[in-house]
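Nothing in this text is a laboratory measurement; each read-out follows from the coordinates by a stated rule. If you're wondering where the values come from, they're calculated on a predicted model, not measured in any experiment. No Cβ is skipped: glycine too gets one built from the backbone with ideal geometry, and neighbour counts run over all protein chains shown.
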Amino acid sequence: MPNERRVQKPKSSLDPDPLPVRENIIAQNQIPTVWPEGITEALGGVSRKARNEHPETVVDLTALPFVTIDGKDARDFDDAVFCCRADNGFCLDVAIADVSRWVTRDGLLDGAARERGNSVYFPGHVVPMLPELLSNDLCSLNPGKVRFALVCRMNISARGKMQGYEFFEARIRSAARLDYEGVSRFLRAADDQAYDKLPAVRDSLVTLDAVTLRLLDQRRSAGGVTMEFPEAKICYDPKGRIRSIASTPRLEAARLIEECMLAANVCAAETLDKHLPQAIYRCHEAPDPASVRTLGEVYGMFGVKIEGRGHPTGLSFSRALESAKKRDAPLASLQMLMLRCMKQAHYSPTRIPHFALGFKTYTHFTSPIRRYPDLIVHRLLKAVLSGAELSSTVYEASELGAIAEHCSHTERRAETAARELATWLKAEFMRRHVGKTFTGSVSGVTGFGVFVTLDDFPVEGMVHVSELGEHYYAFDERHLMLVARHSGERITLGDSMTIRVAGVQLEEGKIDLTRVLNGGKARNSATGRKRKSGYRTGANGRRRSNSRRQA
């Protein structure tokens, strides 16, 4: 398995460099980094086409104050939004970069994009799905530049219900390149003066906030799983090592953009389902009943019931989490258990409901610069819009099936690579804290020890069972707890624990902790001792389980 590979790094390095680690991860995960021969000529053809394109063939929306809202380090902007009040509701426009205008089916650029499947993002580095001329220039909705887009215009009621929508090709001009932090500050303080010089943008942001809050309420009531994970705020040094790391609440602007994109994706999926026998859908099947029953037993320890008797809905999952929150249960750990209970989302040529989001029909439409399935969805939507003979313009079912399977694979490949580097970087960061004492909470319990997430950093390490105390601890798998045979002490999810960083196995991304007992004494342990425990790290420094998780 890819996540069982070791990241090769010289053990003797006193100042490890992330660059060779990253390159090795890219190579081991077989992520393509070399463009095929002839790509320069193909890009030259795209440039010539751009100079001769006739803008009068599409709707002109360049007067509307669209904005892009992304992270501060983003370079490719494939979505822009605008919203205004309408009769008894809202008019929401989501404009998506028209990549299909420049990347034609079965051409050299299309073949390269299909092989890569998606862009792969690392700290300070991207392996792009498309060459930079497209991803950062011609397709990117850069501020002040006129760009072609495929627009989803939605009419939404005052309560947030979808009343109608349409797709059309257009030209837009982004009025501003905004970032999550700045927009969130503005939304938190109505008197913020950040956008006083852009009154049209300011009005649109206020309206966007209003409509997306209503969309979120509708989605939650319809049955989506609602989770509340903090985000890791990481600062890197010039070499790409972690300089500081902390947990921060999710930004309001990230929620705003997410709801806009979800709404547009649903509209795209419904359009394809209405007109085509097969397409590309984003699917998430319900979890296995056995996994749900096991999850229910752990939740029951905290007085929380999961409704559904092995066949819950997303809404029953959300209610269980809300109940856990009210009971002051270890919400973060319970959410992670719920994620591991779920199956992994994937692409399919046939429609399957999305369990976690609570949608009967769903696809990916909003990121064609960085995801190949979105590019296919754009082509299919354009075929529907053209009114031409669909049989001659859409993909055969067998090809759609092959694309869906391949892109599901490349997505998992990208996640694995990003996770491996994040795990190494966190381990390298904690290597500077070996010997220091921290407090944390038990975030996982196994037969070979417990995982502890530190209070100071969103980093997780493992305390081997031999480092917990003088007693013998038996593992209660059903209730996820360790029980000391003689003292009766129980260690379970959410328990507070004081630990000391005993060592770091950098090559494997493992952080070894030892428990600090009453009186400040830690268990004697060999710093960095390797244990045959089955401990494997995963996303965000967490261990991996065999259960599928939501993607």
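Quick notes on this structure:
- Debye log10 I(q)/I(0) for the chain, one point scatterer per Cα, at q = 0.06 Å⁻¹: -0.33
- Relative contact order %, the stretch 289-342, counting alpha carbon pairs below 8 Å whose residues are six or more apart: 35
- Across Lys233/Lys326; Lys239/Lys510; Lys305/Lys510; Lys343/Lys426; Lys326/Lys436, pairs whose alpha-carbon gap is larger than 24 Å: Lys233/Lys326; Lys305/Lys510; Lys343/Lys426; Lys326/Lys436
- Folded to 0 to 90 degrees: helix 289-300 orientation relative to the chain principal axis, Cα: 60
- Estimated FRET transfer efficiency (Lys145, Thr226; beta-carbon r; R0 41 Å; 0.05): 0.65
- Sorted largest first, the spans of the alpha carbon positions of the stretch 289-342 along the three principal axes are 26, 17, 17 Å.
- Model label sites at Asp196 and Val59, defined 7 Å from Cα along the beta-carbon direction, differ in position by 3.5 nm.
- Peptides 501-513, 152-164 ordered by packing proxy, namely the average of other Cβ atoms within 10 Å per residue, highest first: 501-513, 152-164.
- Potential extension, Met162-Gln28 segment - 0.36 nm per residue separation minus Cα distance: 43.7 nm
- Applying the criteria of a DSSP loop state and at most 11 other Cβ atoms within 10 Å to the trypsin sites (Lys or Arg not before Pro) of the stretch 395-456 yields Arg432, Lys436.
- Per-pair calculated FRET efficiency, R0 = 51 Å: Cys235 and Ser386 via Cβ, rounded to 0.05: 0.60
- Going by neighbour counts of Cβ atoms within 10 Å, the residues Leu138, Leu339 line up, fewest first, as Leu339, Leu138.
- Label-point separation, Arg105 to Arg243 (7 Å along Cα→Cβ), nm: 4.9
- Modelled FRET efficiency - R0 25 Å, Asp203 with Arg327, Cβ distances, 0.05 increments: 0.05
- For Ala86, distant residues with modelled amide H under 5 Å away: Cys91
- A simple rule links phi to the HN-Hα coupling: the Karplus curve 6.51 cos²θ - 1.76 cosθ + 1.60 with θ = phi - 60°, which for the stretch 202-211 gives 4, 5, 5, 5, 4, 5, 4, 4, 5, 6 Hz, with x for Gly and Pro.
- Under-5 Å amide H pairs with Val59, H placed in peptide plane, nonlocal only: Glu169, Ala170, Arg171
- When Val34, Val452 are sorted by how many other C-beta atoms sit within 10 angstrom of their C-beta, beginning with the fewest, the order is Val34, Val452.
- The chain, relative contact order [Cα under 8 Å, separation at least 6], %: 15
- Using the average count of surrounding beta-carbon atoms within 10 Å as a protection proxy, the listed peptides 228-241, 107-120 rank, highest first, as 107-120, 228-241.
- Relative to the longest principal axis of the Cα atoms of the chain, the long axis of helix 331-341 makes an angle of roughly 70 degrees.
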